[in-house]
Amino acid sequence: MARFPARFHDGVTAAEHAVTVTVSADGLEIAAPGVHAFWRRQDIERLSTEAGVWRFACGDARLVIDRTPEAEAALKGARILDPRREAMKSWGLIGGLLGLSAVLGFIVFVAIPMAAEPLAHATPRHVEEQLGENIAKQVNVVMRPCENTEAADAAIAPMLEALIAADDPGFPITLQFVSQKSPNALALAGGQVMVTSGLLDTLESPDELAAVIAHELGHVKARDGMVALYRNAGLGILLELITGGSGLAQQAILLGGQVTELSYTRRQEARADETAVAMLRGAGLDPAALARAFERLKAFSDFEAREETKGRPSALEQFRVPEWLKSHPDLEGRITRARAQGATATAEALSDADWAIVKAACSST
């Protein structure tokens, strides 16, 4: 049996002991005056090889052995230094990491999205309302509220009340005009609805605005904003693990998902359209206005695309393509279906005077 000197730390005290190591088929025997330990081969872990020494561990204890041909031959003979064993440990570590990644991926991208809708509907409404108010404040950092909108708020209130009376969305609605060039409207969790200045500039009638708002109220009724929060929470959790739990990644993901409304599924969009049609019909308005609103937004998008190909806009201006179009799929089919729901209007969404006030809601900003 081979013997050679080494330095030993017992893991209990800070003292370093000069010891003699005896290599056997079963492991390492460590001995010195007042010191005796036996490390089984299967319990020994090689920590590193550096500066001409090997560092080994067994539990909390540590052993430092000088690299010499005699020691290397003995350790290899006892399979304490075994490339195959090291490779198996490495592959085991890689396999464990891959398994953990697969589990996290399943939770984030499968389990949480599947559970998002049931969780959203199980969330107390007052909790969702509070979340919506908090998120609206964060969104307002990106989309600044228009100033001096009291007249526009009063002018649009009867239209909003008529839509809510036709089909209650289940939450008190807070409608806010925000300053942003891109034609957009979004429904946050808990009944927070935002209409951009770009949308007011793009739409040409109060019926079209009523249709877009009714569509967003459909998302409020289905609690799609809360569903988005739960879906984004999964990705936020993953980013928190990656970034070390600062909280910023989670907040950015939740806010980002609300601002862009995620990519709604065809089922969610069809449901919101159906709610919009019911609201418009119940309020005495023509449901085909929803098709006309879609067409206005599509025309804006097509115009921006043509201008971009001419090289006129800057690179940043590509973001003026309406987020509302990016996040709402199957537009052509929905235009056709909305147009088929057309009916004679028995009421007006807004008077000409009120429509002028609403169109100018953000003019003072």
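Quick note: the coordinates plus some simple rules give every number you see, no bench work behind them. This is a predicted model, so every value here is computed, not measured. Methodologically, a virtual Cβ is constructed for each residue, glycine included, from the backbone with ideal geometry; neighbour enumeration extends over all protein chains shown.
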Gain in length, R41 to Q130, computed as 0.36 nm per residue apart minus the alpha-carbon separation, to one decimal in nm?
26.1 nm
Applying a 10 Å radius around every beta-carbon, put 117-130, 337-350 in order of their mean neighbour count, most first.
337-350, 117-130
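So, counting K/R as plus one and D/E as minus one, what does the shell of residues with Cβ under 15 Å around D352 add up to?
It works out to a net charge of -4.
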Quick one, what does Rg over Rh come out to for region 3-81 if you take C-alpha atoms and the Kirkwood Rh?
0.92
